[in-house]
Structures are given as structure tokens and as C-alpha cells.
Amino acid sequence: AILVKNIFDLHLENNDLPFLFWKSAVPFIAISLITAWLKYRERSDAEALGQDYVHELRNRMFSRLCRTELRQLDYHGRGDIILRFASDLTAIRQWISLGLARMLVAGITLITAISALCFINLTLAFVVGTVLLLNALVSGFLGHRLQHSFREARRSRSYLANNLTEKISSITTVKVSGQRRREKNRIEQQSLRLVAAMVARAKAIGMHRAVTEGSLLIATSLVLLVGILLSKNSDSATSPGTVVAAMTIVALLTQPLRNIGRLYEYWHGANIAYEKLDHFLIKTGTPRRERPQETGPGIIT
């Protein structure tokens with residue numbers, strides 16, 4: 001941002017192209033290379049973090065499953081157990097890799113960007129900070145609807161997976177007993193409920209992302225308009241370079257704000273997954289209480 005400001009305020013008046021190249025272009029190239037390397041490390045390290053967490057959790061779940069009595073497995077259902085190892089673990093991995101890790105990166109980026117804006121121009125920093133605060137409040141207000149849509153989609157998917165797993169394992173019985181039409185209608189109804197739940201979930205996610213995208217556009221527009229008004233004020237120290245530098249910082253906030261906007265999605269998905277896994281780990285693997293055996297002869301009936 002400071003480089004952009006200096007280019008517009010100082011270097012454009014200087015026709016010395018070599019000076020402009022060494023003072024501006026080379027630092028820009030260096031910053032771009034460093035940023036690209038950091039993005040690579042962010043993605044790979046975050047994925048390794050999430051995979052390591054899920055790997056340990058998956059091993060513990062399977063160990064608990066091996067100690068589970070058959071009657072408890074019948075209570076859960078095979079499709080429900082498969083969802084625990086597939087869908088729920090995926091939701092938790094996304095929260096670790098794409099939620100928590102990116103939240104740390106985005107938080108550092110936001111703090112640094114706002115600090116840079118305060119250094120460049122306090123008024124523009126106040127404008128951007130106000131828009132970001134309103135974005136956070138509206139996103140929090142929409143959080144309840146998002147959580148409800150995630151729960152409904154998760155419930156519909158669980159019902160369909162259980163039914164499909166059961167029918168696939170006993171497809172011979174379904175054919176012999178002449179229940180193909182009835183089971184087909186049942187699968188179709190459950191599939192339609194899942195479609196409706198997933199569409200409602202997509203609408204809630206779309207509304208949430210629309211708020212974030214709208215906030216970014218509003219912040220960019222306000223910085224441009226307020227910056228122009230300040231630059232026309234003779235008493236203000238705001239220059240065209242200051243306005244462009246502020247817009248550069250807002251542009252750098254685009255990806256972190258989008259990542260923060262998706263935190264609600266990963267968080268709600270992981271919350272539901274944690275609840276289901278907690279219930280699974282409590283209900284499975286409990287050793288059966290053996291009756292004390294009496295000594296002496298016994299009678300077999």
C-alpha cells in the first residue's frame with residue numbers, strides 16, 4: 001500500500017523510468033513471490049493439520065467400534081455408522097483445515113490491514129472498520145438460519161443413507177418378497193426430502209456469502225467516494241495516492257473476508273458432526289455387565 005501511494009504521489013511526477021523500476025517494480029515482484037509462497041504453505045500446512053487430527057480421531061472411533069456389541073451396532077444402523085466415518089469426519093476436517101487455520105491467517109491479515117489503513121488515513125480506516133463491523137453483525141444474525149439448514153440436511157442424508165445401506169444389503173429379500181415398488185417409492189420420497197433440504201441449505205449459504213460480497217463492494221465504493229471528497233478538501237492531507245493505497249488494502253482484504261464468511265458454514269457443520277460423534281462414542285464400546293457366576297452344578301434348559 002505504501003508503494004502504491006508513493007508511485008501515485010511521487011514517482012509519477014518523475015520521468016526517470018529506471019528509478020521507478022528499482023524503487024517500485026522490484027519490491028512489488030518480491031512481495032508477490034513471498035505472498036505466493038505463503039499461500040502455498042498456508043494450504044499445505046492447514047491440510048496436514050486437519051488430516052492429522054482426523055486420522056487420530058478415525059483410529060479412536062474404529063477401536064471403539066471393535067469393542068461394540070452387535071446389538072448396539074443394530075441400534076445405530078450401518079448407514080448411520082458409515083456417515084460418522086465419512087461425512088462427519090469430513091466436516092470436522094474442513095473446520096480444522098479451512099476454518100480454524102484460515103481464521104488465524106485472516107485475523108492476522110485483518111488486524112494488519114486495519115493498522116495500515118490507520119497509518120495511511122484514519123477517516124478511511126474508520127469507514128472500512130464500520131462496514132466490517134456491520135458485516136459481522138448481519139452474519140451473526142443469519143447464523144441461526146444457517147445452523148437449522150445444516151441440521152435438516154444432515155438428518156435427511158442420514159435417513160436416506162440408512163435406508164439405502166439396509167436395502168442394498170438385503171436386495172435379494174426385497175425382490176423375492178415383491179417389495180420393489182414400495183421400497184422404490186420410499187427411497188424416492190427420502191431423496192426428494194434430501195433435495196429440498198440441500199436446496200434450503202444452499203440458499204442459507206448463498207445469503208451468508210452475499211452479505212460478505214456486498215460488504216466488500218460497499219467498503220470499496222465508500223473508500224473511493226470518501227477519499228475523493230477528502231482529496232478535494234484543501235485542509236485535508238489526503239492525496240490521490242492515499243485513496244489508491246486504501247483501495248489496495250481493501251482489495252487485499254477480499255480473500256480473508258471471504259474465508260471468514262465461510263467460517264459459519266464449517267463451524268455449524270463441525271458442531272453437528274461433533275454432536276453425532278460424541279453420541280456415537282458414548283453409545284458404543286461400553287462393556288456389558290456380566291452376571292456373577294455361581295459355583296456348583298448348573299441346569300441347561
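The values are calculated or read from the model by the stated rules, or taken from the named source; none is laboratory data. Keep in mind that this is a model prediction, so the values were computed, not measured. All Cβ positions, glycine included, derive from the backbone under ideal geometry; neighbour counts span all protein chains shown. Just so you know, the surface numbers come from the protein's heavy atoms only, side chains and all, with ligands and any DNA or RNA stripped out. Shrake-Rupley method; radii C 1.70, N 1.55, O 1.52, S 1.80 Å.
Using a 7 Å offset from the Cα along the Cα-to-Cβ direction at both T35 and T295, what is the distance between the two label points in nm, to one decimal?
Using points 7 Å along Cα→Cβ, the separation is 8.2 nm.
Over the range 109-223, give the accessible area per residue in Å² for a 1.4 Å probe, as an integer.
61
On the protein heavy atoms, probe 1.4 angstrom, tell me the percent of accessible surface of the chain carried by carbon and sulfur.
Roughly 63 percent, rounded to a whole number.
Out of Q147, Q189, Q51, any idea which swings most in a Gaussian network model of the chain, alpha carbons joined below 10 Å?
Q189
Hey, what do the phi angles of the range 210-216 turn into as Karplus ³J(HN,Hα) couplings, whole Hz, using 6.51/-1.76/1.60 and θ = phi - 60°, x for Gly and Pro?
5, 4, 5, 5, x, 5, 5
Would you tell me the accessible area of H279, worked out with a 1.4 angstrom probe on the heavy atoms of the protein chains, in Å² to the nearest 10?
80
For T220, T301, T112, T242, give the ranking by accessible area with the largest first, probe 1.4 Å.
T301, T112, T220, T242
Counting helices only, and only those DSSP H runs with n ≥ 4, report the 222 nm mean residue ellipticity of the chain as the sum of -39,500 (n - 2.57) divided by its residues, in deg cm²/dmol to the nearest 500.
-27000 deg cm²/dmol
For the chain, what is the convex hull volume of its Cα atoms per residue in Å³?
194
Taking θ = phi - 60°, what integer Hz values does the Karplus form 6.51 cos²θ - 1.76 cosθ + 1.60 yield along the range 92-99, in sequence order, with x for Gly and Pro?
Taking θ as phi minus 60°, the curve returns 5, 4, 5, 5, 6, 7, 9, x Hz for the range 92-99.
Return the FRET efficiency for the residue pair T172, N233: r is the Cβ-Cβ distance, R0 is 51 Å, and the value is rounded to the nearest 0.05.
Between T172 and N233 the formula returns 0.05.
Can you work out the Karplus-derived ³J(HN,Hα) for every residue in the range 181-195? Use 6.51 cos²θ - 1.76 cosθ + 1.60 with θ = phi - 60°, whole Hz, and x for glycine or proline.
Taking θ as phi minus 60°, the curve returns 5, 5, 5, 5, 5, 5, 4, 5, 5, 5, 5, 5, 5, 5, 4 Hz for the range 181-195.
Given the options Y40, Y159, Y53, state which has the largest fluctuation in a GNM of the chain using a 10 Å cut-off (strictly under) for Cα springs.
The residue that fluctuates most here is Y40.
List nothing, just return the count: lysine pairs in the chain, 8 or more apart or interchain, with Cα separation under 24 Å.
6
If you line up the long axis of helix 26-66 against the longest principal axis of the chain, both from Cα atoms, how many degrees apart are they, to the nearest 10?
The two axes meet at around 10 degrees.
Kindly list the residues of the range 120-162 that lie in the label zone of R186, defined by a backbone N under 12 Å from the point 7 Å along the Cα-to-C-beta vector.
It comes to 160, 162, nothing else.
In whole Å, what three semi-axes, largest first, describe the equivalent ellipsoid of the range 103-179 built from its Cα gyration tensor (square root of 5 times each eigenvalue)?
55, 14, 6
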